[in-house]
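Notes for the one structure printed next.
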Amino acid sequence: MTAGKVDPMKQFTIEPIAPLHIGSYDVSFTNSSLWMLIALALIFGFMALGLKRELVPGRWQVAVEGLTGFIDNMVKVNIGPEGEKFIPFIFSLFAFILVSNLLGLLPLGIIPGMHAFTTTSQFSLTGVLAVTSFSIVILVGLWRHGLRFFSLFVPHGTPLPMIPLIAPIEFISFMVRPFSLGLRLFVAMIAGHILMEVFGSFIVSGGHAGPMGWGIGALSFLFIVFVVGLELLMAVIQAYVFALLTTLYLSDAVNLH
Amino acid sequence: MPQISQLSAVFASQLFWLALVFGLIFFGIGRGMLPKVRSTIGARESKIADDLEKARAARAKADETEAAWRARMDEARVEAARIAHEAKQESARNTERRVNEALVKIDAKVESARVRIWTSVQAARAEMEVVAAEAAQQMVEQLTGMKIDKNDAANAVTAELRALAPAMRREHRAEDAARAKQPLASTVR
């Protein structure tokens with residue numbers, strides 16, 4: 001990367017930190033792995049603060065109970081009392097995605113040689129999470145309803161002649177779910193980060209381009225402030241959407257229409 | 001786009017570390033710590049519900065006690081009113097009885113006084129007849145110079161007085177009747 005020429009995609013590069021092989025597979029410890037572990041440590045630390053189990057909670061305990069209560073509520077409203085056993089999974093999804101999204105927005109770039117890495121901007125990661133959710137939905141559906149689970153493709157009250165038409169559409173919309181889950185998160189993250197990087201590069205380039213360039217740089221700076229705010233919002237919303245959609249799909253599988 | 005160009009190179013590593021991290025989050029935090037937090041919330045909620053229930057029960061009991069106390073107070077009030085009424089009646093009866101006793105005594109006294117008066121009147125009348133007979137004897141002797149037998153004079157006076165007696169007696173009776181008409185209280189007084 002030469003001065004004044006910024007590659008907005010470089011931030012998504014996975015760089016190995018420590019090589020590691022299991023059999024013929026390369027499972028090197030990378031910057032992506034590092035940030036996943038940081039997310040794990042943060043979630044663990046946060047939850048540990050809420051484990052004092054006091055009758056009258058302290059402020060950290062209130063925060064942790066607020067988060068768990070939020071997931072509890074979402075699952076109970078959308079799935080019902082049977083959703084109880086899915087709460088750990090939904091909670092893990094929400095916490096991991098939320099913390100990963102927010103970690104990616106840390107302004108670590110101001111320290112030379114460091115930059116934050118957004119694990120959720122890798123579709124190798126969001127895709128695996130989405131497929132995991134989707135597999136759990138299918139397994140739960142088959143476990144609870146057997147082959148009757150496939151009546152999901154025929155919405156209740158469909159007229160008989162419409163079934164051959166409706167069923168394929170429903171099937172496609174069902175199969176699209178993992179892609180919509182994984183791609184939505186991945187695209188939302190990558191788009192915001194590219195936008196920030198591009199406007200950042202405008203500021204740098206504008207600095208070399210005389211008074212006109214300075215104007216553009218100032219505008220870009222204002223815009224970048226706005227985009228960062230938007231991205232913070234997006235980080236929370238995308239985590240919420242992922243957890244909510246998984247909950248709704250599970251609700252389909254549990255309650256079948 | 002590194003996500004695509006690097007995919008085949010890093011996918012195994014991504015999968016491995018994601019499985020490790022997400023597994024730790026799911027089993028360690030989701031299934032290990034989360035239930036503890038949730039059970040704390042549950043325990044708190046049940047404690048609050050419990051305390052509310054207890055408070056409600058205590059209030060119901062207090063209400064009950066108050067109602068019982070009120071009922072006892074009402075009972076006591078009624079009892080007190082009854083006792084007061086009885087005492088009043090009893091004392092009224094006593095007063096009446098004593099008044100009646102007094103009346104009887106007074107009547108007896110009045111009766112004996114009347115009898116005494118009557119006997120005195122009779123004695124006085126007898127004496128008066130003797131005196132009148134003597135007086136009549138002397139008057140006749142001085143006026144006519146006739147000497148009248150003492151017995152004749154006495155007979156004549158007696159006959160005269162007999163003729164007068166009904167009128168006198170009538171007067172006495174009228175007096176008695178007027179006295180009887182006066183109210184009891186004034187008689188007692």
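Just so you know, all these numbers are worked out from the coordinates, no wet-lab data involved. Since this is a predicted model, take the numbers as computed values, not measurements. We place every Cβ from the backbone using ideal geometry, glycine too, and count neighbours over all the protein chains shown.
Some notes on this structure:
- Each peptide in B:140-152, A:75-87 receives the mean, over its residues, of other Cβ atoms within 10 Å, and ordering these scores from highest gives A:75-87, B:140-152.
- Put the Cα centre of the stretch A:35-55 next to the Cα centre of the stretch A:158-185 and the gap is 38 Å.
- A simple count of charges around B:Ile29, restricted to other residues whose Cβ falls under 13 Å of its Cβ and scoring Lys, Arg +1 and Asp, Glu -1, yields +3.
- Across peptide B:35-46, the average count of Cβ atoms from other chains found within 10 Å of a residue's Cβ is 5.
- Average other protein chain Cβ within 10 Å of Cβ, residues A:93-100: 2
- Shielding by partners, peptide B:1-11 (average Cβ within 10 angstrom, other chains): 6
- Degrees separating the helix A:87-103 axis from the principal Cα axis of chain A, which is the longest one: 10 degrees
- Centroid-to-centroid separation of the stretch A:67-131 and the stretch B:112-159 [C-alpha atoms, Å]: 151 Å
- Against the main long axis of the alpha-carbon atoms of chain B, helix B:150-181 sits at an angle near 20°.
- Alpha carbon centroid spacing (whole Å) that separates the stretch B:57-96 from the stretch A:187-225: 92 Å
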